[in-house]
Each structure stands twice: as C-alpha cells, then as structure tokens.
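Everything on this sheet refers to the single structure shown next.
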Amino acid sequence: MEYLTVKEVAELKGCKPQYIQKLAKDGKLDAVIREHPQNHKPCYMFPVSSLPDDLRAKYYGRLKTDSRTAPELKESELLKPRKKVVKKPFEAYTAEERKEIALWCGIIREWQDLRAKYKKKTSVDADFVGKCRLEYGESINISIDILYRKYAAFRENDYDGLIDKRGGWNKGISFMNEDVWKMFTRIYLVSSRPTVSRCYTDLKAWCATNFPELYSSIPSERTFRRRIKNEIPDCVIEFTRYGKKSCFDKYLEYIERDYTDLNANDIWIADNHTLDVISLSSEGKPHRLSLTAYMDAKSGVIVGWNLCDNPCSQSTLLAFRAAVLNGYGIPLGVYFDNGSEFLTHDIAGRGHRKKASWNKGDDPPTILSLLGVTMTNALVKNAKAKNIERYFLTFKEFISKAFSGYSGGTILERPEDLAQKVKNGEIPTDEEVAELLSTLINGGYNCKEYGGKEKRYKGMTRIEVWNESINSAEVSFRDADDEDLTLLLARTSRYQKIQRNGVHIELYGKKVWFKDENTAFHVGKEVYVRYDPAELDEVRVYDKATDQFLWVYKRADYLNVPYNVKDEEGRDKIAVAMSHIARNRKAIMQTVAAYTDSDAIDVLAARINEAASNMDKMKICRPKTVHPITAAELNAEHPGRGEIIAVSIADELAALKAVNDKLEKVKGA
C-alpha cells in the first residue's frame, strides 16, 4: 500500500498543508500516524486507496506522466549500494515470510526475463510496475524504486530485503506520548475492569477537554492493545483488575506438602461448605444447608460430617463426634482455619482470638485437650493449605449436581428451571439430603481411586489407603469407650455462678436454663457446665475450684414463656411455671422448718436463769478503813446547801404525789 505525506496530498488538492492536517484531525480524511522518515516524529500519512476518487485519479495520472517524462537512469544509479546486512538461512523465517520471499523472487525473475527482450531495459519498468499493481492489487506495495531495492537484495541473497517490514521494522518501539499512556493505564488498571474500547473512548474525551494539545498524538486503539500485551506484565493486570488474592494465588510460588512421613489419623483437616442444593426445611422453606466435614490428610478419606443451617461450633463438634463414632478413632491433631466456628473456647480454645478484650480470664479444659488432640491454625486467606477445599469442588460435581435442587455455585451456573422446581416443590427435603449423603460420601467418594502424590498407593481407593496406613506398625490407634467418649466429647460452658434460674448454655443466641429442686440452696456458687450437644435434656455441673462433679441439672424449658401467647396456652404455660416455683418455695420452707422446728425458747427466762446462776458471785467487798460523813458536817462545810437539798427533796415528793393522784382518778373513770 502506498502512502502520501501531508504535503503531497496538499499539492494534489491544491491547498495548504494545514488544511489537510485539519481534515485528518477531524476525521474527514483517512490517515494513519507514522514516523516521519527524516525527523522521526509522528506525522500523518494518507493511503492512496483511501483518497477521494478525484485525488486518486490525479495521483495515478501524475505517476504515469512522471514515469514517461522522467530522465532515463542507468541501472548502476538505480541499484544504489546497500548497507551491510546480516543474512539468515531460509528456515529462520516464518511460513508467511517464506511465502512472501518466494513471491518476490518470482516477480523479479519475471521482470528480468521481460527486460532481457528489450534493448532499452529501463523503458519497460513503468509498464511492469503497472502490470503488477493490476495483477496483485493492494496485496503488495510496488514501485520502480521498490522493485530495484528488491532486486538488489535478490542478487545478494538477502531475504530480509525481500520481506515487507511495514508494521514490523519498528516492532517494540512506540511513538505514543508517555503522558497519554500513563493516563490510559490509570483508567485501565482499576478493579471495575473496563474494556480497552471503553478506556480508549474515555481517554479521548478526557484529553479533548483537558489536554487538547495531546489529542492529535493519541494513536489507534489497536496500538494501546499491543502495548498492553507487550509491556504490562500479566501479574500487574491481575493485581489491579482482579485483586491481590487472585494475583498471589495465580503468580506467586507455592509450597508442596510431603505426605510420605504422614500416617492415617495424624492430621484431620476441617472446613465448611455451603451445598449447591436447594432443599426444604422442616418448616417447608427452601434453603441451602451447610456441610461441616473432616478429611484425613494422609488418605483423603472423609471421616466425619454434619449438616446444619449455618456453620457453627456445634456443627464442628458434631462432625468430629460422628467421625469418632464412625470407627475412625481419635486423631493426633486437627487443622482448622480461623473461623469462629472452630476457634471456640471449649472445643480447641480461642487461638489468636484469645487476646480480645471480651475474652478475659481462664477457661475450663477444652475437649481436644482432654482427648490429647493438638490444634493447628491455617494462615489467614490461605486456602491452598487445606486440600479439603479441592474435595468440595469434587463434591459439587459428583454429589450436588445429582440432586434435582442443584442451584449452581454462581448465578451463571444456576439452571433455568430451578425457580419452577422450587415453586412446584420438586426439590428434596433436608431429611432426604442427609439420608443420601452418607451413601454418596462413603460409596461415591471414599471408595474412589486415591488421587494423592504417593506412587505406592497407585490403583488403591482412598479407604484402602487409610486401612493400610492405620494398620502399619508405626501407628498407634487411639479410641475410647462409649461412656468415656460421651464425657470427653461433652461441650463445656464458661465459668459461671449459679443463678436463681440455675445454670445456662447459649444456643443460637438464646439461653437454655437447667436446674433441679435444690438450685436455690446453691445460688452464687462458681461452677462450669458440660453437656452433650446431641442430647440437651440434661447437663453435668462441675465445681470451678476443684473440677469435681457436683450435680446433674435437668432442662427447665418452663422458665421461657413467650409474651404473646393465646389465652389458654399462656395460662397453661404460666401454670406449669408457677407449680415449679411453688414446689421450690415449699422446699425452702421445709428446710427452714428443719432448722427451726423446736419449742420456742423464753429468752427472758433464759437470761434470768443465767443471771440467777451468777448471783452467788455478786459480793461487795468493803474496805477495812471507813470515813463516815454526816449531814451536819456537810452543812458546816457548805452553808445553806442542806436546806436547799431538803427543800428540793420535799418538792420532788410533792410532785410525785400529785402525778399518782391523777393516775388513780383516770383508773377510776
């Protein structure tokens, strides 16, 4: 394809070059930005094929006239000396390049054969170029100068000279303004992940408003696409457009675990998974159950599991309990992530969460510590460390998709007829899912071929790997009797004081109370409670100071009476509660009577008896020397005092007599 400069197009149109630039900038004249051959700056170049018909006809007319009137040049002048090039073997080129080399070799041989028939050889060059343009059209770029350059390369066996280097000679070199490129990357490398076309449109609009001087230097959209592909690392694109975790999971190195020295039951890995199945709850509401599962790290066997509405510590313990009761024994360690359903105070302890301000003080012994099981926590957001995550992908493909209520992991995977199935009730119930799950896990997964990296187990199933490993001499299988296991797997509450309503445990945010008829006599005592999560009719109460078992308390549901109940129903519930309160009140009164049931004691008589028994001790010991004092001596020492004293005594006696007289009159009345 031939290109004309701004100046050449202006000469054809008969106008100034500035007008042609304006037409190109406004898009009224097709142009591409190329490097100027002299100053190596970006400039407009106009394909001849895209020019208007009148300009294209004028160009070809001038070209024909120029070829006829041009002074004849000698072949030595046309074949200018070429720069020294490095020659490559023919096999070093691509299939397309080899095809182009063969084409030009054929053209040059045909041209030389035609020139050999004429005495004036250069006279046929223009006609041969015109013939090639008609024959090959725009598939090749040919002119007299190009023909001679190709011929010179042909003679020197320089295959590089026979290849069209347009679009490839400056590969890896960009003439894009760096400010424009930085603005584009700022728009493109964002988490909203806009398309390149959208970014290109936004960039042009931004530059047109804020940087008009850069608008003309914005290259084509394809240029940006090439630079993105050739310059921006894939990890940078992943980090900025898809997030840090996605980038690190895809591009950072990872650690491979060696399971050779690991035995069955050394480590159980636990995790939760929301089923991709819509099922009906006991209340008839469609929902998705969650699965808590334990996997043996050595064999990949799913040893225990539990279905629940939402992952919780209760489900964690029930799944562990199921694994032990299924016959897999007790592991040496468990591998948990950092969810609150695993880091619970009574199962394995709070782990790194123990520093929280609301978790002060000591806790009773944990279940895993009583069983001699150590806990290891995975790093935060490190799903690669738990191969049970890969099991959940298999679970989805093999198990979840088998149910009619399959909902898919994302909205894109959701079947179109799911809503209609839910509406028609064509989905399984929770009981049906739980019943089928045991068969699908044991028979459909544990009995499938082992997929680990240890070659010695090739061809064996997962359960066969577990059986072989657990029966090896290096393994000491640990288990417990049913009675001991019930106690060891019992959950433990935090330390608490016995209250008026007894002791409590919290289930799903609500308090469940337990007590007996003697609770009132132990209010204020510090204890902790152990209970079986599968049987909540009673709890065992232990002393905080000595860890000694004290009593068994029964569940006291009668203490929880809803406020809004029907009249008859409310009266019945309140009557039951009041009857318990009455019995406990009677027990207190009977105990009080037991301590106070004796003849009443006359406290005054008891004290008189006590005083009478001490009367013999009441003796006054007078001194041997006595100094008698008479009234005459007292009056002699204090003149007038005796008379005053006598009058005072007489007055007191008279007043006392008057009061007695009044009392007698009142009695008589």
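None of the figures in this text is laboratory data; all of them are computed from the coordinates on show. As the structure is a prediction and not an experimental result, all values here were calculated from the model. Using ideal geometry, Cβ is built from the backbone for each residue, glycine included, and neighbour counts are taken over all protein chains shown.
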With label points built 7 Å along Cα→Cβ from the Cα atoms of Lys453 and Lys244, find their separation and express it in nm. 2.8
If the chain between Glu526 and Val552 were fully stretched, how many nm would it gain, using 0.36 nm times the residue separation less the Cα-Cα distance? 7.8 nm
If you rank Ser281, Ser472, Ser315, Ser299 by fewest surrounding Cβ atoms within 10 Å, what's the result? Ser472, Ser281, Ser315, Ser299
Cβ under 15 Å from Ala434's Cβ, Ala434 left aside: what net charge do those residues give with Lys, Arg +1 and Asp, Glu -1? -4
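Per-residue counts of other Cβ atoms within 10 Å, averaged by peptide: what ranking do you get for 303-314, 238-249, highest first?
303-314, 238-249
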Can you give me the P(r) profile for the range 493-560? Cα pairs, bins 5 angstrom wide beginning at 0, each as a whole percent. 4, 18, 33, 28, 13, 4, 0
Which length gain, in nm to one decimal place, applies between Leu332 and Glu432 when the Cα-Cα distance is subtracted from 0.36 nm times their residue separation? 32.6 nm
Can you flag which of Lys99/Lys229; Lys25/Lys204; Lys13/Lys58; Lys285/Lys423; Lys16/Lys41 are past 18 Å Cα-Cα? Lys99/Lys229; Lys16/Lys41
Quick one: which residues, 5 or more positions from Thr344 or on another chain, have an amide H under 5 Å from its amide H? H modelled 1.01 Å from N in the peptide plane, none for Pro or chain starts. Gly349
Arrange the peptides 220-229, 416-425 so that the one whose residues have, on average, the most other Cβ atoms within 10 Å appears first. 220-229, 416-425
For Asp337, residues with placed amide H under 5 Å, excluding near neighbours: Ala378
Taking a spot 7 Å from the Cα of Ala480 along the direction of its beta carbon, which residues of the range 303-329 have an amide N less than 16 Å from it? 317-329
Can you pull the one-decimal nm distance between simple spin-label points at Glu231 and Leu114, each 7 Å off the Cα toward Cβ? 4.4
Alpha-carbon Rg/Rh ratio, for the range 192-268, with Rh computed the Kirkwood way: 1.34
Under the Karplus relation 6.51 cos²θ - 1.76 cosθ + 1.60, θ = phi - 60°, what is the ordered set of whole-Hz ³J(HN,Hα) values for the range 220-228, x standing for Gly and Pro? 6, 4, 4, 5, 5, 4, 5, 5, 4
What FRET efficiency comes out for Asp26 versus Thr223 if R0 is 30 angstrom and r is the Cβ-Cβ distance? Round to the nearest 0.05. 0.90
